[in-house]
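Accompanying notes for the structure given below.
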Amino acid sequence: MTDCSSLIRDLMKQHRVTQRDLEAASGVSRSTIKRLLRGDGSISLHLLDTLLSAMGYSLTLQKTGSPSPLFRRSKKLAARPMRGRGIVRSVGAEGF
């Protein structure tokens, strides 16, 4: 069972929401809800947000205080004149 499945199941138990109730409130089919609760396949953020919204919750993404190791510091780019290359002539579409 995925963490999303556990979250939805726990909220359903906590608020005594049945699969039928969730289907009616969210517009998501019961077969999809059952599949999610079994942990079969993956769940999109849109579907998770739809189910949470139907139970009065919202999905929020928040940046943590620490920088991600995935993002490298960008190097500052400086424009420098090109030397020794001569003048480059601009050619319009008619030149092709």
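Observations, loosely collected:
- Contact annotation: residue pairs with Cβ atoms under 7 Å, 6 or more positions apart or on different chains, pairing a residue in segment 19-45 that is in contact (Cβ under 8 Å) with a residue 24 or more places away in the chain and closer than 17 Å to M55 by Cβ with a partner that is of a type in the set (K, R) and assigned to a helix (DSSP H, G or I), are L37/R9.
- Evaluation of V28 against (1) of a type in the set (V, I, T); (2) at pLDDT below 95; (3) in contact with a helix residue (DSSP H, G or I) (Cβ under 9 Å, 6 or more places away or on another chain) (one fails), failing number: (2)
Yes/no per residue for (1) in contact with a helix residue (DSSP H, G or I) (Cβ under 9 Å, 6 or more places away or on another chain); (2) closer than 19 Å to S58 by Cα:
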residue: S5; (1), (2): yes, yes
residue: D10; (1), (2): no, yes
residue: K13; (1), (2): no, yes
residue: L22; (1), (2): yes, yes
residue: I33; (1), (2): yes, yes
residue: R38; (1), (2): yes, no
residue: G41; (1), (2): yes, no
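- Entry remark, segment 10-38: residues being in a helix (DSSP H, G or I) and of a type in the set (V, I, T) number 2 in total.
- Within the option set G86, G65, G56, G41, being modelled with pLDDT of 85 or more and part of a loop (DSSP other than H, G, I, E, B) holds for one residue only, G56.
- All positions within segment 20-56 that are on the phi < 0 side of the Ramachandran plot and within 17 Å of the chain's Cα centre (by Cα): S42, I43, S44, L45, H46, L47, L48, D49, T50, L51, L52, S53
The values are calculated or read from the model by the stated rules, or taken from the named source; none is laboratory data. Computed from a predicted structure; not experimentally measured. Using ideal geometry, Cβ is built from the backbone for each residue, glycine included, and neighbour counts are taken over all protein chains shown.
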